[in-house]
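So the structure is just underneath, and the comments pick up after that.
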Amino acid sequence: MSNAMPDSAPRKPGEASPIAQLATLVGIAVLVLNAAFFFLSDAYFDDRVKRFGVKELERLSGARLDFAIFTIVVGAGAILAGRYPRAFAHSAAAGAGLLALVAAPFAMRYGVLGVALLIVAGAFGFLTRLSLRRSRAAWACLAAMCAVSSVVLLFGAPKIRHLVGIGMWIAMIAPGLLAAATVALSQIRDDYREAA
């Protein structure tokens, strides 16, 4: 049973460890994505200026900063998921449950949404605890909840952005981390093969 990417396996001289290779790939991806976003955002905001006026340019630097934060946080999450899949996956799931618990009282004015958030918070907490105790059923449910929550939050990001008053890319951090948690949970499936 391994909880981390095999980093101590014998390597040939000069060969990089798998985690170093992953970190390098993620770092390059973050840089390339930010460079592309920098140039593409110019074209996007130029078009918005033509349609809505010069005031749109005020949002340009904020959007670039939000995108940089998003790529760095999700990239760091991907590296952590590769290096410490068990710890990262369960931490991300517990964090999602905590966020749902914090958001629930504020969502009560929207009717059933507050109750749904309380149920989600309880389910994440309960499943995380059982999964840490090597329950195969809890691990499978937790992986499914992380995957579904990632997709739901991805499509719900515009609404979250509007309700909370944050940038769109900041609202995309939670689904990005939950997607990384889903991958991390799939990496540790062998730990649950013999579990009940």
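Since every read-out is calculated from the coordinates, none of them should be taken as a lab result. All figures in this text were calculated on a predicted structure; none of them were measured in a lab. FYI the Cβ positions are ideal-geometry reconstructions off the backbone, even for glycines, and counts take in every protein chain you see.
Quick notes on this one:
- Within-9-Å neighbourhood charge of Trp139 [Cβ basis; K, R +1; D, E -1]: +2
- Residue-wise HN-Hα coupling along the range 137-147, computed from phi with Karplus coefficients 6.51, -1.76, 1.60 (Hz; x: Gly, Pro): 5, 5, 4, 5, 5, 5, 4, 5, 5, 5, 5
- Vicinal HN-Hα couplings computed from phi for the range 109-124 (Karplus, 6.51 cos²θ - 1.76 cosθ + 1.60; Hz; Gly/Pro x): 6, 9, x, 6, 4, x, 5, 4, 5, 5, 5, 4, 4, x, 5, 4
- 3J(HN,Hα) from dihedral phi, the range 83-91, Karplus parametrisation 6.51/-1.76/1.60, rounded to Hz, x for glycine, proline: 7, 10, x, 5, 5, 5, 4, 6, 5
- The packing ranking of peptides 156-167, 72-83, highest mean first, is 72-83, 156-167, where packing means the average number of other beta carbon atoms within 10 angstrom of each residue.
- For the chain, radius of gyration divided by Kirkwood radius, i.e. Rg to Rh on alpha-carbons: 1.05
- Projecting the Cα atoms of Phe37, Ala16, Ala121 onto the charge dipole of the chain, computed from C-beta unit charges around the Cα centre, puts Ala121 farthest toward the positive end.
- Our helix-only sum for the chain, with -39,500 (n - 2.57) per DSSP H run of n ≥ 4 divided by its residues, gives a mean residue ellipticity at 222 nm of -27000 deg cm²/dmol.
- Only Cα pairs under 8 Å and 6+ residues apart enter the sum, and on that basis the relative contact order of the chain stands at 26 percent.
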